[in-house]
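See structure below.
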Amino acid sequence: MLTDREVRFVREHLHQDVHGLLLSAHKYPDVDVPKCVVQIEGRRKIKHKIPEWYACKDIYIPSLQAVEQASSAEAARYKERFLKDRGTVVDMTGGLGVDAYYFAAAGQKVLYAEEDERLCQAARHNFQVLQKSDRIEVVHRSAEALWEEGHTRPYADLAYADPSRRGKEGARIRGLASYRPDVTQLAATVLKHAAAFLVKIAPMEDITRTLELLPRTTQVHVVSFKNECKELLFLLEKQENDTGAPLVVCSVGFSFYREEEMAAAQALQSSETYGIPKEGDFLYEPDASLLKAGAFALPAVRFGLEKFHRHSHLYVSDEFVAGFPGKTYRIHQLIPFASSHIKQLAAAFPSAQMKVRNFPLSVDVWRKKTGIIDGGTDVLFGTTGRKAGKDAKWIIHATLWEENI
């Protein structure tokens, strides 16, 4: 891994320009500078992503790609909900080892499997310095070969796979069947050796298409942090799904079946009842996980809100409604969208946060037209609503509402 001298070098040069270090490598004959530069860049990436690992001076970064694909500490901890007390987990695509580490930290006995020997070596080292090697067995083997004849493995409470989303040349690939390993082909075999199979895929993948490829899915989890989708998790179970439809779980605390959303959307379309915001009303912006999950009409039904427009995905109420899975704002002004008003906005709002939902301008174009810089507590929503049976373009001035106000 790293010599004591190289560990010191990394710590001493953690905040220096790495290009300069590479150019001056001849000054450090006792240090493998390119290897240390990977450690420096990797440590910078894990500082906030995996703080516990960053705090350990002896952590070894095998590659920057391994860091990029690894789960964050928050995302890894989220997966604890799928574990049983003192159970066994098989991590079929070990990678950097972050998920395996947090499975072990939650009290599980973990089998870490990885086809890249360099990653296995780094994982063994890291689990040792992180004091988790007694709970994690590292196996140099591909996911496809894990349960081949002659290789007996303990029956697992949970098998987990985070397939690679990069091709041989390092380019990003789309489509679950193109990931490596192909979990669509492995699922049946995995469920012969594990009670459940958890698959992590990229947040940009289509949920409906993925469900067609993973028909034994009982739950879909859309994981977001700070209003940004980070992971999609598909839970496949040995037992048949009695409902025939998976439960969709948004990590901010909103769960539903897709049939519920369809019913809510049909009811909204039939009633043509839309909210017209006014000064003093409350505006609700759903978390990104709800939008990714396709929960567009159901939040209005669940929380007794009115939607602006079928395609705008913003909601309004005249009284505050607690517990909404997203952000809540207080409306101060409703401005009709017109060229004369656009020009006047900069004088009223030299700086503001700007958001668009079902609006003819992007945020970048809107900023260029007005000269409004990003910042401050004022929020301008550009959106489309319904008024007198017709579409109406609005600009809404609001500020974030805190429930404890």
Report task. Indicate, rounded to the nearest 5 percent, the antiparallel portion of the DSSP beta bridges found entirely in the chain. Result -> 65 percent
Report summary line: So Lys84 and Ala55, fully extended at 0.36 nm per residue minus their Cα-Cα distance, gain in nm 7.6 nm
Query raised in the report: What list of ³J(HN,Hα) values in whole Hz, one per residue of the stretch 262-276 in order, does the Karplus curve 6.51 cos²θ - 1.76 cosθ + 1.60 (θ = phi - 60°) give from phi, with Gly and Pro shown as x?
Result: 4, 5, 5, 5, 5, 5, 5, 5, 6, 7, 6, 9, 10, x, 10
Query - For the chain, the Rg and Dmax computed from alpha carbons only, in angstrom - result: 25.1, 77
**Report entry** Label-point separation in nm, Lys238 to His140, each point 7 Å along Cα→Cβ
**Finding:** 3.2 nm
**Report entry** Residue-span extension gain [Ala347 to Lys47] - 0.36 nm each, minus C-alpha spacing
**Finding:** 103.9 nm
Report summary line: The ³J(HN,Hα) series, computed from each phi in the stretch 294-303 with the Karplus coefficients 6.51, -1.76 and 1.60 at θ = phi - 60°, rounded to the nearest Hz and given as x for glycine or proline, is x, 8, 9, 9, 4, x, 5, 5, 4, 10
Query raised in the report: Can you list the aspartates and glutamates whose alpha carbon is less than 20 Å from that of Lys132, not counting same-chain residues fewer than 8 positions off?
Result: Glu52, Asp58, Glu74, Glu80, Asp85, Asp91, Asp99, Glu114, Glu117, Asp157
Query raised in the report: Within a Cβ distance under 10 Å of Gly97, other residues only, what is the Lys/Arg minus Asp/Glu net charge?
Result: -1
**Report entry** For the stretch 181-192, Karplus couplings with θ = phi - 60° (6.51, -1.76, 1.60), whole Hz, Gly/Pro x
**Finding:** x, 7, 5, 5, 8, 8, 4, 4, 5, 4, 6, 7
**Report entry** Gained length - Lys387 relative to Gln266, 0.36 nm times residue gap less alpha-carbon distance
**Finding:** 41.6 nm
Report summary line: Sorted by chain and then number, the residues having a modelled amide H within less than 5 Å of the amide H of Val321, at least 5 places away or on another chain, are none
Query raised in the report: If r is the Cβ-Cβ distance from Ala188 to Glu228 and R0 is 51 Å, what FRET efficiency results, to the nearest 0.05?
Result: 0.90
**Report entry** Residues whose placed amide H lies under 5 Å from that of Arg166, excluding near-sequence neighbours
**Finding:** Ile173, Arg180
Query raised in the report: Quick one: which of 292-300, 189-197 comes out on top by average Cβ neighbours within 10 Å, and what's the full order, highest first?
Result: 292-300, 189-197
Query - Spacing of the two label points (7 Å from each Cα toward its C-beta) at Asp17 and Tyr155, in nm - result: 6.1 nm
Query raised in the report: Considering every pair of different Cα atoms, what Kirkwood radius, in Å, is found for the stretch 121-280?
Result: 18.6 Å
Report task. Tell me the label-point distance for the pair Ser362, Glu319, using the 7 Å Cα-to-Cβ offset, in nm and rounded to one decimal. Result -> 4.3 nm
Requested in this report: For n ≥ 4 DSSP H runs only, could you compute -39500 (n - 2.57) per run for the chain, divide by its residues and tell me the 222 nm figure to the nearest 500?
Outcome: -9000 deg cm²/dmol
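Values quoted throughout were computed directly from the atomic coordinates according to the rules given, and no laboratory measurement underlies them. Quantities reported herein were computed from a predicted structural model and do not represent experimental measurements. Using ideal geometry, Cβ is built from the backbone for each residue, glycine included, and neighbour counts are taken over all protein chains shown.
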